[in-house]
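One structure is given below, encoded as structure tokens.
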Amino acid sequence: MKIVVLGLGYVGLPTAALAAAAGHEVFGYDSDPAMRAELRDGYVRGREADVCELAVEMMQHGRLHVCDGVESGDAYIVCVPTPSVHDRPDLRYVNSALADVAKVVQDDQLIAIESTVPPGTTERLVRQAMRAAGKSFVPVRVVHAPERILPGAILRELRENDRIVGGRTPEDAEAGRELYASFVDARIHTTDLRTAEFVKVIENTYRDVNIALANELALFCEEIDIDVWNAINLANNHPRVNIMQPGPGVGGHCIPIDPQFLADLNPFATELIQASRRVNERMPQLIVRRVTNLVGEADGERKITILGASYKANVDDTRESPALRIRELLDDLGYRTAVYDPVAHPALTHHDLAEALRDSDAVVLAVDHDAFRTLDPTAVAGLMRSRVLIDTRNFYDKATWNNAGFAVYGLGRGTQKFSIPAPAAVAQALS
Ligand code: SAJ
């Protein structure tokens with residue numbers, strides 16, 4: 001097939017590369033001219049190594065072409081972002097992609113939307129775009145085929161995750177199933193358009209609500225001397241319990257956004273969803289409170305070092321990152337802050353760990369990057385002005401850091417008794 005992929009970001013590029021590897025002739029278009037030029041030069045921006053490799057290989061073999069416009073093809077796969085503006089979906093990229101498609105699409109060709117959209121959106125937007133192009137909507141095949149890939153394991157998940165394909169008609173769904181079956185090694189479940197849109201959004205909503213429960217339990221445990229991490233592990237031994245992990249908040253471009261699409265659509269039937277959002281949104285505030293409790297109020301001198309800038313471990317993406325929200329809140333309160341992250345985009349962080357830690361009063365572990373595993377607490381202690389560790393991910397062994405002279409606060413870890421004499425102010429704050 002001749003497949004046209006619109007949007008060559010973290011979903012579009014690997015999808016295009018995989019389709020090309022399966023034998024299709026793929027034409028990719030991204031509205032960012034700089035990105036198109038880079039791709040043609042064989043440079044793939046910050047993507048996972050196997051994605052870069054496959055994309056470059058497919059371009060070199062002439063199976064994946066980066067184009068300056070949208071060509072006519074047998075199928076069009078739309079992989080553009082749907083950000084949230086004021087808690088509402090911003091559909092301008094989807095609209096713009098569909099306007100491009102509507103100009104060239106012909107009868108019986110297939111339009112597949114992968115971008116996350118609220119239920120009811122795909123049909124409405126395709127209809128509008130076709131009408132604006134002076135064409136009828138009816139002879140074109142339309143499916144919603146939400147992407148479900150986990151950043152950090154994109155190529156594998158793209159190949160191995162089951163797909164949901166919702167069609168405007170059963171025949172459309174079948175056409176979509178055939179397209180995806182040609183490059184996905186998993187089951188393709190077909191349904192209608194609206195259900196497919198809803199399924200995608202509730203998958204991420206489920207995760208947000210589950211994490212909110214974990215975060216609430218963490219706060220509960222801090223007051224009754226129970227270690228929440230241990231408690232959740234034990235509860236998860238039950239065959240029908242799967243509670244997620246607490247943390248400093250929920251980031252990324254999907255989990256904090258998608259539940260809002262539902263709340264926006266129906267504020268009355270989303271009480272639990274909205275409450276969960278609030279619980280997760282408050283977590284950075286909670287961590288900042290702990291910082292203030294432990295090191296004292298900002299006095300122009302006090303410096304806090306944040307380890308990690310990205311929204312989760314081992315990815316470079318910083319969108320909606322709780323770590324950066326913590327920094328913003330600390331900055332607002334008047335603390336001096338430094339962020340160190342060897343994985344995230346360097347422009348946002350200190351390049352030098354020692355520089356970030358020098359004369360600091362507390363270190364906040366905000367992201368559990370593998371690269372932070374080898375941090376030597378004794379070396380860290382030598383650089384800092386006072387020794388406080390705030391571990392938001394249950395990442396470090398408390399005793400090891402205590403032995404290096406640190407007072408350690410771990411989110412959700414009981415009543416935070418110190419095993420070494422803590423600085424008086426710290427002990428008082430925790431008593
Ligand atoms: N987080 C926790 N506790 C946990 C797990 C995650 O606090 O137990 C936090 C992370 O630190 C991060 C945020 O949640 O800040 C989101 O991370 P994530 O790994 O849960 O999700 P994403 O945003 O990287 O990817 C999700 C995935 N959705 C589901 O697993 C249902 C992925 O499959 C989707 O394709 C992606 O959203 C998307 O694009 O929608």
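The values are calculated or read from the model by the stated rules, or taken from the named source; none is laboratory data. Since the model is a prediction, treat every value here as computed from it, not as a measurement. For neighbour counting, all protein chains shown are included, and Cβ atoms are generated from backbone atoms with ideal geometry for every residue, glycine included.
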The condition from (1) at pLDDT below 95; (2) aliphatic (A, V, I, L, M); (3) assigned to a helix (DSSP H, G or I) that residue 99 misses is numbered (1)
Flagged in region 298-323 as within 11 Å of the ligand (Cβ to nearest atom) and hydrophobic (A, V, I, L, M, F, W, C), in numbering order, are 313, 315, 323
Exactly one of 327, 302 is without any contact (Cβ under 8 Å) to a residue 24 or more places away in the chain, buried (at least 17 other Cβ atoms within 10 Å of the Cβ) and not hydroxyl-bearing (Ser, Thr, Tyr), and that residue is 327
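Would you be able to say whether some residue in region 40-63 is closer than 20 Å to residue 98 by Cα and either charged (D, E, K, R) or in contact with a Ser or Thr (Cβ under 6 Å, 6 or more places away or on another chain) (or both)?
At the first step, the residues of region 40-63 found to be closer than 20 Å to residue 98 by Cα are none.
No, there is no match, as no residue in region 40-63 is closer than 20 Å to residue 98 by Cα and either charged (D, E, K, R) or in contact with a Ser or Thr (Cβ under 6 Å, 6 or more places away or on another chain) (or both).
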Reported set for region 13-53 where residues are out of contact with any Leu (no Cβ under 7 Å at 6 or more places or on another chain), surrounded by fewer than 23 Cβ atoms within 10 Å (Cβ to Cβ) and outside any loop (DSSP other than H, G, I, E, B) is 25, 27, 33, 34, 36, 37, 38, 40, 49, 52, 53
Going through region 316-357 in order, the residues found to be in contact with an Asp or Glu (Cβ under 9 Å, 6 or more places away or on another chain), under 16 Å from residue 384 (Cβ atoms) and either of a type in the set (A, V, I, L, M) or in a loop (DSSP other than H, G, I, E, B) (or both) are 335, 338
Of the residues in region 280-307, those that are in contact with a helix residue (DSSP H, G or I) (Cβ under 8 Å, 6 or more places away or on another chain) and within 22 Å of residue 116 (Cβ to Cβ) come to 280
Only one of 387, 413, 358 is touching a residue at least 12 places away in the same chain (Cβ under 8 Å) and under 24 Å from residue 215 (Cα atoms), namely 413
Looking across region 205-229 at residues that are near the ligand (Cβ under 9 Å from one of its atoms) and touching a Gly at 6+ places or on another chain (Cβ under 9 Å), the single one that is nearest to residue 270 (Cα to Cα) is 211
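Kindly evaluate residue 272 against the criterion of being of a type in the set (A, V, I, L, M, F, W, C), touching a residue at least 24 places away in the same chain (Cβ under 8 Å) and exposed (fewer than 13 other Cβ atoms within 10 Å of the Cβ). Working first, answer last.
Numbers: of a type in the set (A, V, I, L, M, F, W, C): yes; touching a residue at least 24 places away in the same chain (Cβ under 8 Å): yes; exposed (fewer than 13 other Cβ atoms within 10 Å of the Cβ): yes.
Here the answer is yes, as residue 272 does meet what is asked.
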Within region 166-191, residues out of contact with any Ser or Thr (no Cβ under 7 Å at 6 or more places or on another chain) and outside any helix (DSSP H, G or I) come out as 168, 169, 182, 183, 184, 185, 186, 187, 188, 189, 190, 191
Residue 313 meets each of (1) under 22 Å from the mean Cα position of the chain (by Cα); (2) part of a helix (DSSP H, G or I) with one exception, condition (2)
Residue hits (region 199-216; among the β-branched types (Val, Ile, Thr) and out of contact with any helix residue (DSSP H, G or I) (no Cβ under 9 Å at 6 or more places or on another chain)) are 199
- Query: Is region 415-429 home to any residue that is aromatic (Phe, Trp, Tyr) and either surrounded by fewer than 16 Cβ atoms within 10 Å (Cβ to Cβ) or modelled with pLDDT under 95 (or both)?
  - Reply: yes
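Condition first: outside any strand (DSSP E or B), more than 16 Å from the ligand (Cβ to nearest atom) and basic (Lys, Arg). Now tell me which residues in region 124-163 satisfy that.
124, 127, 131, 135
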Listed by first then second residue, the pairs whose first member lies in region 26-44 and is more than 18 Å from residue 79 (Cβ to Cβ), whose partner is of a type outside the set (Lys, Arg) and surrounded by fewer than 17 Cβ atoms within 10 Å (Cβ to Cβ), with beta carbons under 6 Å and at least 6 positions apart or on separate chains, are 42/56
